[in-house]
1. Identify the single condition in (1) surrounded by 14 or more Cβ atoms within 10 Å (Cβ to Cβ); (2) under 18 Å from the mean Cα position of the chain (by Cα); (3) over 26 Å from residue 9 (Cβ atoms) that residue 132 does not satisfy, given that it satisfies every other one.
2. Take the residues in segment 212-230 that are of a type in the set (Val, Ile, Thr) and either open to solvent by 100 Å² or more (accessible area, probe 1.4 Å) or within 21 Å of residue 103 (Cα to Cα) (or both), then tell me which one is modelled with the highest pLDDT.
3. Report whether or not residue 163 is in contact with a Pro (Cβ under 9 Å, 6 or more places away or on another chain), open to solvent by less than 60 Å² (accessible area, probe 1.4 Å), farther than 21 Å from residue 90 by Cβ and of a type in the set (A, V, I, L, M).
4. Could you list, in sequence order, all residues of segment 200-211 that are aliphatic (A, V, I, L, M) and open to solvent by 100 Å² or more (accessible area, probe 1.4 Å)?
5. Which is under 24 Å from residue 12 (Cβ atoms), modelled with pLDDT of 90 or more and not acidic (Asp, Glu), of 95, 109?
6. For segment 92-199, which strands (runs of 3 or more DSSP E) that fit wholly inside it have 3 or more residues that are more than 16 Å from residue 210 (Cβ to Cβ)?
7. Going through segment 87-143 one residue at a time, which ones are of a type in the set (Phe, Trp, Tyr) and farther than 26 Å from residue 160 by Cβ?
8. Considering (1) crowded, with 19+ Cβ neighbours inside 10 Å; (2) touching a helix residue (DSSP H, G or I) at 6+ places or on another chain (Cβ under 9 Å); (3) of a type in the set (Lys, Arg), say which one residue 170 fails and leave the rest.
Amino acid sequence: AVDGSETMEWFEQYRMELPERFDAQRSGDTPDRQWLAIEFEADLAGVGCRSYRLVARSESLTPIPIPPPLTTDDGTVENDYVRATLHADGRVDVLDKKAGVEYHDLNRLESTEDAGDEYDHAPGRETHTITTDGLNGTVRIVSDTGLRATIETSYDWHIPHGLTNDRRQRAEQAAACPVRVRVSIEQNSPLVELEVAIANRATDHRVRSRFLTNLQTTRIHSDGHFYVNE
């Protein structure tokens, strides 16, 4: 038995670290030397499961029509519920079509020095925050099967490699940290999936992904270790 999800996780890790060897679009490999991921829409009951097999058949079968593609433009994926636009620096704009609400500049990545211990964040006396705003990544369509579409951007984020010896401020020398941001939607789902992968080559810093919604509220709820904090 092949564990498809585990295989794909390993493949994605290799592709991020060694893209020139594992990306057929870059290496120019012929189709018989490429990985093949098979995707189909399954009829599943809630909290249920079903087994499927890949079987060789001698007789020809009637091909199932491929659904119309979800990708509408470079950097944009769209279905009947949402439209998501991925910018070169990893920020995302999302339009909720049913609610008629649009959100801009989601997933703003920032790095701030961390002079604290293993439990608590503490800024340096001379704090300095670095964002990915304006970085010129490469946006491309990863896949578009009609059932699911994924786009991504990738770039190097240059972050101070650590703190100075007195831990008062960030070091001048920078470390290049590869970043990959992926946005995915499915044909019949209102969800926008976001995946951020960072090869962290710096120390003593805190990375945050910020989602500015402009919502006004008097209280928030956040996940604690064993309960929800209000």
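1. (3)
2. 218
3. On the way: in contact with a Pro (Cβ under 9 Å, 6 or more places away or on another chain): no; open to solvent by less than 60 Å² (accessible area, probe 1.4 Å): yes; farther than 21 Å from residue 90 by Cβ: yes; of a type in the set (A, V, I, L, M): yes.
Taking the combined requirement at face value, the residue does not satisfy it.
4. Of segment 200-211, the ones aliphatic (A, V, I, L, M) are 202, 207.
Those that are aliphatic (A, V, I, L, M) and open to solvent by 100 Å² or more (accessible area, probe 1.4 Å): none in segment 200-211.
5. Details: 95 fails: under 24 Å from residue 12 (Cβ atoms).
Residue meeting the stated conditions: 109.
6. Numbers: elements: 92-96, 101-106, 108-113, 129-131, 138-144, 148-160, 174-186, 193-198.
Counting at least 3 such residues, we get 138-144, 148-160, 174-186, 193-198.
7. Residues of segment 87-143 that are of a type in the set (Phe, Trp, Tyr), as a first pass: 103, 119.
Matches in segment 87-143: 103 only.
8. Evaluating residue 170 over (1) crowded, with 19+ Cβ neighbours inside 10 Å; (2) touching a helix residue (DSSP H, G or I) at 6+ places or on another chain (Cβ under 9 Å); (3) of a type in the set (Lys, Arg) leaves (2) as the failure.
The values are calculated or read from the model by the stated rules, or taken from the named source; none is laboratory data. If you're wondering where the values come from, they're calculated on a predicted model, not measured in any experiment. Please note: Cβ atoms are built from the backbone with ideal geometry, for glycine as well, and neighbour counts cover all protein chains shown. Remember, those area values only see protein heavy atoms, side chains included, never the ligands or the DNA or RNA. Shrake-Rupley method; radii C 1.70, N 1.55, O 1.52, S 1.80 Å.
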